[in-house]
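Taking it in order: structure first as structure tokens, then the write-up.
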Amino acid sequence: MTLKLYFLRHGETTASQTGTYCGKLDVELTPQGLQMAEDFANAYQDFPWTGIFSSPLKRAYYTASPLAQSVGLDIQVREGLREIHYGLWEGKTPEEVNRDYRDDYVRWLADPGWNCPTGGEKGIDIARRTSEVLEEIENTYSTGNILVVSHKSTIRIMICSLLGIDIGRYRDRIGMSVAAVTIVEMAEHGPLIEVMGDRSHLREDLRKRHGT
């Protein structure tokens with residue numbers, strides 16, 4: 001048996017509904033977001049889970065909670081799994097950012113790996129802090145299924161790091177809807193994507209709520 005990482009984006013929030021930049025803001029899941037967490041737990045509770053890791057933000061932690069309760073595992077909270085810090089863009093829509101921080105926004109869109117939201121984090125900074133969490137997981141667990149519940153940008157950056165994709169292209173190459181799961185096997189010849197952005201565990205009406 002190999003080590004498999006299940007990267008799960010948190011369920012729906014009001015910010016994911018509107019496209020508002022929400023990095024450090026600790027917003028709650030919507031009622032539909034809580035249902036998404038329950039649906040994931042119901043679909044995956046019979047898997048032999050080895051560990052559950054989560055961002056400390058409520059939207060991630062409460063997405064991880066139903067599965068943790070079902071399988072009797074503690075949630076291991078790691079700061080490195082937080083969402084990107086959007087700095088002065090926090091709580092603003094892309095349209096507002098484009099209006100108020102036009103130059104920084106254009107640079108960030110061109111290369112979010114090496115450019116940051118005004119007062120925020122570069123993608124490469126997120127790659128560094130998440131790499132510490134991934135290294136901890138690999139050093140602690142040689143085999144088994146590990147759930148990692150995090151955020152849209154953070155998960156995309158982790159996947160880019162694992163697959164050797166330029167961090168600056170994470171927004172262009174990888175989509176990540178709310179409550180989507182991506183499965184990466186740590187195979188003999190390196191990380192192997194088994195499943196990408198799957199949402200089949202969600203009930204039909206929730207699959208229509210993709211979020212941004």
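The value of relative contact order for the chain, using C-alpha pairs under 8 Å at least six residues apart, is 31 percent.
The shape of the range 59-116 can be summarised by an equivalent ellipsoid whose semi-axes, obtained from the alpha carbon gyration tensor, come to 35, 13, 8 Å from longest to shortest. Loop-resident chymotrypsin sites (Phe, Trp or Tyr not before Pro) (DSSP state other than H, G, I, E or B) in the range 95-177 with no more than 16 further Cβ atoms inside 10 Å of their Cβ: W114, Y141. For the chain, what does the alpha-carbon gyration tensor say about shape, rounded, prolate or oblate, given a ≥ b ≥ c as the root eigenvalues, a/c under 1.5 as rounded, and a/b over b/c as prolate? Verdict is oblate for the chain. Would you tally the net charge around H210, using a Cβ to Cβ cut-off of less than 14 Å, leaving H210 out, and scoring K and R as +1, D and E as -1? That sum, taken over residues with Cβ under 14 Å, equals +2.
When the dipole is taken about the Cα centre of the chain, and only Lys, Arg (+1) and Asp, Glu (-1) are charged at their Cβ, what size is it in debye, to the nearest 20? Numbers along the way, then the final one.
Numbers: 24 positive and 30 negative charges, 85 e Å.
It works out to roughly 400 debye.
Legend: Rg and Dmax of the range 93-212, from Cα coordinates, 16.0, 49 Å.
Ranking of V77, V184 by neighbouring Cβ atoms within 10 Å, starting from the fewest: V77, V184.
Computed from phi, the 3J(HN,Hα) profile of the range 155-172 under the Karplus parametrisation 6.51, -1.76, 1.60 (θ = phi - 60°) reads 5, 4, 5, 4, 5, 4, 4, 5, 9, x, 8, 3, 4, x, 10, 4, 6, 8 Hz, with x in place of Gly and Pro. Quarter the surface of the alpha carbon convex hull of the range 1-46 and you get the mean projected area, 4.5 square nanometres.
Can you give the angle from 0 to 90° between the axis of helix 31-44 and the longest principal axis of the chain, with both taken from C-alpha atoms, to the nearest 10? The helix 31-44 is inclined about 40 degrees to the chain. If you take all other residues with their beta carbon under 12 Å from the beta carbon of I124, and give Lys and Arg +1 and Asp and Glu -1, the sum is -1.
The numbers here are math on the coordinates, done by the rules we state, and not lab data. Bear in mind that the values here come from a model prediction, so they are computed numbers and not experimental data. No Cβ is skipped: glycine too gets one built from the backbone with ideal geometry, and neighbour counts run over all protein chains shown.
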